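The values are calculated or read from the model by the stated rules, or taken from the named source; none is laboratory data. The structure displayed is predicted, hence computed values, not measured ones. Just the protein is used for accessible areas: all its heavy atoms, side chains included, with ligands, DNA and RNA removed. Shrake-Rupley method; radii C 1.70, N 1.55, O 1.52, S 1.80 Å.
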Amino acid sequence: QVQLVESGGGLVQAGGSLRLSCAASGLTFSSYGMGWFRQAPGKEREFVASINWTGASTYYADSVKGRFTISRDNAKNTVYLQMNSLKPEDTAVYYCAGSKYGSSRFTRITNYNYWGQGTQVTVSS
C-alpha cells in the first residue's frame, strides 16, 4: 500500500539546477524520516540527504553540502531535493526513501523501509 513516487529529474547543463519531488501515499508521512539516495552506473547506491519527521533537522553527504537542500511539506506528503550548482558527477538515478523511525541521521539503505522507483538526473559538461 505504501508508495513513493519521484519526479523532477531530467537533463541539465553543468552549473544548473533541478528540484526533485517525492510524493508519498499509504503511510503517515509526518511520522517518517525521509532520505534521498543516488546510484550512478557501475557504482553502489549512496546516501545524499535526509530529513527528520518534523523537517527541523537535516543531514547531508559531504559531496553535496552547500549545493543541495532537502525539505518537506507534511501537508502535501512530499519531500523535495533542491539541487544547485550541479556537476557531471551528480549524474545518477535518484531515489527517495522513508524510515518509520523518523530520524534525520539515517544514511544506510538498511535504515529505510520504503523506496521509490527513482528518477534520472543527467548533468552534461
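Using θ = phi - 60° and the Karplus curve 6.51 cos²θ - 1.76 cosθ + 1.60, what whole-Hz ³J(HN,Hα) does each residue of segment 2-12 get, with Gly and Pro shown as x?
Result, rounded to whole Hz: 6, 9, 10, 10, 8, 8, x, x, x, 9, 9.
Given an 8 Å cut-off on Cα distances and at least 6 residues of separation, report the relative contact order of segment 29-125 as a percent.
Working: 210 pairs, mean separation 32.6, N = 97.
Relative contact order here is 34 percent.
Given a 1.4 Å probe and every protein chain left where it sits, what share in percent of the accessible area of the chain is carbon and sulfur? Intermediate values should be presented prior to the final figure.
Working: 2810 of 6370 Å².
The value for the chain is 44 percent carbon and sulfur by accessible area.
May I ask you to give the solvent-accessible area per residue for the chain, in square angstrom, as obtained with a 1.4 angstrom probe? Numbers along the way, then the final one.
Values: 6370 Å² over 125 residues.
Using a 1.4 Å probe on heavy atoms only, each residue of the chain averages 51 Å².
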